[in-house]
Amino acid sequence: MTAPLLIRAAVAIMFAAAGPAGAQTSPPPPEPPPRENPGLVNEIGKLLTNPSSLLPDFAKPDRSKTDMPAPEAPPASQPPQPQPQQAAPSPPPSAPSPAAPTIPAMVNGRQVCPASANGAPDCAAGAVILCRAKGYRDGRSLAIDATEKCSAKLLIPGRARQPDDCRTENFVTRAWCQ
């Protein structure tokens, strides 16, 4: 009798030792979704996904007659009706409409500043040239870049640098155009 009793005791001890480890545990609850961080990066992300939410609507130029959609055609079941011919005089030609005003903008480019009468760079004229190249009428320089342009004589080994070997060139790199 001791052998079956020992087996039962051993099995009971085994189940007692395995207790919570042998039982199925439920998986941990899912993590809650991360809360929205109202920081700078999040706001920039919103701006990129929906730019109209933060930026104002800009005035759009009036659509011309060529941009207007064509009038709808009458249904095919009705035959086209002829227009009565009238000998009315043609209307006088209308005056040309004024050009639409251009919206001022900041323009990037690289335009050399021409030399003025005294030899100094005239970057105001360079800004006007840059703006006219972009289709504007006038402009003011916002950023200027200066570089030193040197003669190839400077590359000769052993030759001393002379005052007229290099000259400074100024460029307008950004302008406010109107």
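Scan segment 102-113 and tell me whether some residue there is at pLDDT below 90 and exposed (fewer than 10 other Cβ atoms within 10 Å of the Cβ).
No, that holds for no residue.
Condition first: of a type outside the set (Lys, Arg), surrounded by 11 or more Cβ atoms within 10 Å (Cβ to Cβ), over 37 Å from the mean Cα position of the chain (by Cα) and not in a loop (DSSP other than H, G, I, E, B). Now tell me which residues in segment 152-176 satisfy that.
If the condition is that a residue be of a type outside the set (Lys, Arg), surrounded by 11 or more Cβ atoms within 10 Å (Cβ to Cβ), over 37 Å from the mean Cα position of the chain (by Cα) and not in a loop (DSSP other than H, G, I, E, B), then Leu154, Cys166 are the ones that fit.
Considering only residues of segment 126-151 that are charged (D, E, K, R) and surrounded by 10 or more Cβ atoms within 10 Å (Cβ to Cβ), which is farthest from Thr102 (Cα to Cα)?
Checked segment 126-151; the qualifying residue farthest from Thr102 (Cα to Cα) is Asp145.
The values are calculated or read from the model by the stated rules, or taken from the named source; none is laboratory data. The model shown is predicted, which means the values in this text are computed figures rather than measured ones. Every residue, glycine among them, receives a Cβ derived from its backbone with ideal geometry; neighbour counts consider all protein chains shown.
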